[in-house]
Amino acid sequence: MSIRRSVVNAAAAAAGLALVVSGCSSADSGTDTTTEQGFPETLTLASVPAENSADLRASYDPLIKMLEKETGSKIEFVQASDYAGVVEGIIADNVDLAFFGPFAYVVATVNGAKITPLGAVISEQGAAPGYQSYGLARSDDPAINGLSDFAGKKVCFVDPSSTSGFLYPSAGLIEAGVVESGSEADISAGVTPIYAGGHDASALAIASGDCDAGFAFDTMVDKTMIEKGDLQAGQLKTVWKSEMIAGSVFAANNALGTEAIDKLMTLFTEKANAEAFEAEGFCEGDDCLITDERAWGVVAASDSDYDGVRKVCEVTGSDKCKG
């Protein structure tokens, strides 16, 4: 199985994304050309896959169709390989809209990205946004039954900028006395970290024995991977659960302006959901679930919703939380 350490190539990924989206965004184009609805002719939407995906765009199709209809803009979708690249794209005004995990959203703001939350995703109609990080081991491994048992083991994390795949696990390992802080160097003093690059890749590495234990977010291992046949029910055991984490969030580059952002916020919270997508004929059934989190839709979110993530940043002292 292929396992990558994405942090090593963060700068390269950032530069790569800047090249990919350069000229796609209208936020920095210096032109007054807009659609009849008052939006730039092109809006660039960037996302980092939570799982290995050759075509992440397909999971955004209903949202893209809705945005193109309602804004009159062409939506240019960019599948980025690293959160750092998305942040750099926003700072350079080459990215207009982005989908962030909670930690990545906080890291983006700390590192100078001027963004406004448009809404957080929910798993089903009426649900509250949020999810949990799971600490995982093979069900047939009697030696690992809690985070304290991770000490000295090969442990799979997702990405150093992942909320449920690194930040909250770091806090858990600190509380369990396995490591002293959440920086990558200190993590290495307590466990042998392996950065799998995706939540599914982390879970698969645990299942295959490439990692003794590791982390992924709840619905990925409870539902998504089982439904896809990548994992068998009961193949992994959950030995730790984090507190509820604020939901992944769509955010807008402030360079778009207050009027455009307010309109986008209304679109995301009122028309970005499976029911509305299907009613408009953009999709049918499960094809109306968006992002690789397979979300039902989007609900209102504010910057203060992510104060819990900021608190965990303080607990861990993670270098990634610093500007």
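Per-structure values
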{"quantity": "Mean-position separation - Cα centroids, segment 258-282 and segment 193-236, in angstrom", "calculated": "32 Å"}
{"quantity": "For L67, net neighbour charge (Lys/Arg +1, Asp/Glu -1) across residues whose Cβ lies under 12 Å away", "calculated": "-1"}
{"quantity": "GNM top mover of K241, K74, K223 - the chain, alpha-carbon springs below 10 Å", "calculated": "K223"}
{"quantity": "Low-density loop cleavage sites - GluC sites (Glu not before Pro) in segment 256-323, where at most 16 other Cβ are within 10 Å (DSSP)", "calculated": "E280, E284"}
{"quantity": "For the chain, radius of gyration divided by Kirkwood radius, i.e. Rg to Rh on alpha-carbons", "calculated": "0.97"}
{"quantity": "Aspartates and glutamates whose Cα lies under 14 Å from that of K228, excluding same-chain neighbours fewer than 8 positions away", "calculated": "E51, D200, D286, D292, E293"}
{"quantity": "Residue-wise HN-Hα coupling along segment 225-237, computed from phi with Karplus coefficients 6.51, -1.76, 1.60 (Hz; x: Gly, Pro)", "calculated": "6, 5, 5, 7, x, 7, 10, 9, 4, x, 5, 10, 10"}
{"quantity": "Amide N proximity, segment 291-316 versus A128 label position 7 Å along Cα-to-Cβ, cut-off under 20 Å", "calculated": "295-312"}
{"quantity": "Computed magnitude of the charge dipole of the chain (debye, nearest 20; Cβ of K, R +1, Cβ of D, E -1)", "calculated": "760 debye"}
{"quantity": "Length released on extending from V110 to A151, taking residue separation times 0.36 nm less the Cα-Cα span", "calculated": "11.7 nm"}
{"quantity": "Trypsin sites (Lys or Arg not before Pro) restricted to DSSP loop in segment 248-323 with at most 15 other C-beta within 10 Å", "calculated": "K322"}
{"quantity": "Relative contact order computed over the chain (Cα-Cα under 8 Å; 6+ residues apart), in percent", "calculated": "26 percent"}
{"quantity": "Reach of K263 by Cα under 16 Å, taken over aspartates and glutamates that are not fewer than 8 positions away in the same chain", "calculated": "E36, E41, E68, E70, D96"}
{"quantity": "DSSP bridge orientation in the chain - percent antiparallel, rounded to nearest 5", "calculated": "65 percent"}
{"quantity": "13 Å cut-off, amide nitrogen to a point 7 angstrom out along N254 Cα→Cβ, residues in segment 292-308", "calculated": "303"}
{"quantity": "Convex hull of segment 249-312 built on C-alpha atoms - directionally averaged projected area, nm²", "calculated": "5.5 nm²"}
{"quantity": "Percent antiparallel among DSSP beta bridges (both partners in segment 105-231, rounded to 5)", "calculated": "45 percent"}
{"quantity": "Separation in nanometres of the label points that stand 7 Å from Cα toward Cβ, at V315 and E243", "calculated": "0.6 nm"}
{"quantity": "Relative contact order of segment 133-241, pairs being alpha-carbon contacts under 8 Å that are 6 or more residues apart, as %", "calculated": "42 percent"}
{"quantity": "Efficiency of FRET between E68 and D307 - r from beta-carbon atoms, R0 45 angstrom, step 0.05", "calculated": "0.85"}
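Every read-out reported here was derived from the displayed coordinates using simple, explicitly stated rules and does not represent laboratory data. Since the structure is predicted, the reported quantities are computational estimates derived from the model, not experimental observations. No Cβ is skipped: glycine too gets one built from the backbone with ideal geometry, and neighbour counts run over all protein chains shown.
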